[in-house]
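Peer 1: Mind having a look at this structure? Questions to follow.
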Amino acid sequence: MVLTLLISSNAFAANASWYGPGFHGRTTANGEKFNMYALTAAHKTLPFNSKVKVTNLENNKSVVVRINDRGPFIKSRVIDLSKAANKALDCNLCKVKLKVIK
């Protein structure tokens, strides 16, 4: 369902969360080591290495992340940001707009 929405509109709003210290150095779903200081994110369906512009709708800050993991596993959330991406957006749990750019 999310993938269909992305294909039809290429942008939508949803909740974002973040992950970091407990996962730093662990293997991500695409096989690389998770680096909480890199601009990466987890998404349930987007292909690995997709580039996504994430905009915090509360303060209009944006960041481009690369999808390298799967998640989030909480139903109301659509993307899990790395610690660095979270810091760039000033977002601990916030509503964001996603736009696939590559």
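Peer 1: Filter the stretch 18-45 for residues that are assigned to a loop (DSSP other than H, G, I, E, B) and either in contact with a helix residue (DSSP H, G or I) (Cβ under 7 Å, 6 or more places away or on another chain) or of a type in the set (Lys, Arg) (or both) and give the result. I'd like the intermediate steps shown before the answer.
Peer 2: First, the residues of the stretch 18-45 that are assigned to a loop (DSSP other than H, G, I, E, B): 19-26, 28-32, 34-39, 44-45.
Of everything in the stretch 18-45, those that are assigned to a loop (DSSP other than H, G, I, E, B) and either in contact with a helix residue (DSSP H, G or I) (Cβ under 7 Å, 6 or more places away or on another chain) or of a type in the set (Lys, Arg) (or both) turn out to be Gly20, Arg26, Met36, Tyr37, Ala38, Leu39, Lys44, Thr45.
Peer 1: Consider the stretch 30-49. How many of its residues are among the aliphatic types (A, V, I, L, M) and either open to solvent by 60 Å² or more (accessible area, probe 1.4 Å) or touching a Ser or Thr at 6+ places or on another chain (Cβ under 7 Å) (or both)?
Peer 2: Qualifying residue count for the region: 4.
Peer 1: Looking at Asn60, is it of a type in the set (S, T, N, Q) and either more than 16 Å from Val100 (Cα to Cα) or over 10 Å from the mean Cα position of the chain (by Cα) (or both)?
Peer 2: yes
Peer 1: State which residue pairs qualify: first residue closer than 19 Å to Lys75 by Cβ and inside the stretch 27-50, second residue assigned to a loop (DSSP other than H, G, I, E, B) and polar (S, T, N, Q) in any location, beta carbons under 7 Å apart, and separation of 6 or more residues or different chains.
Peer 2: Final answer for the pair search is Ala41/Ser82.
Peer 1: Here's a follow-up. If a residue must be hydrophobic (A, V, I, L, M, F, W, C), open to solvent by less than 10 Å² (accessible area, probe 1.4 Å) and either within 18 Å of Phe34 (Cβ to Cβ) or not in a loop (DSSP other than H, G, I, E, B) (or both), how many such residues does the stretch 54-102 contain?
Peer 2: Final tally of qualifying residues: 10.
Peer 1: What single numbered condition from (1) in contact (Cβ under 8 Å) with a residue 12 or more places away in the chain; (2) within 16 Å of Ala13 (Cβ to Cβ) fails to hold for Asn60?
Peer 2: (1)
The values are calculated or read from the model by the stated rules, or taken from the named source; none is laboratory data. If you're wondering where the values come from, they're calculated on a predicted model, not measured in any experiment. Counting neighbours? That spans all protein chains shown, and the Cβs are built from the backbone with ideal geometry, glycine included. Accessible surface areas use protein heavy atoms only, side chains included; no ligands, DNA or RNA. Shrake-Rupley method; radii C 1.70, N 1.55, O 1.52, S 1.80 Å.
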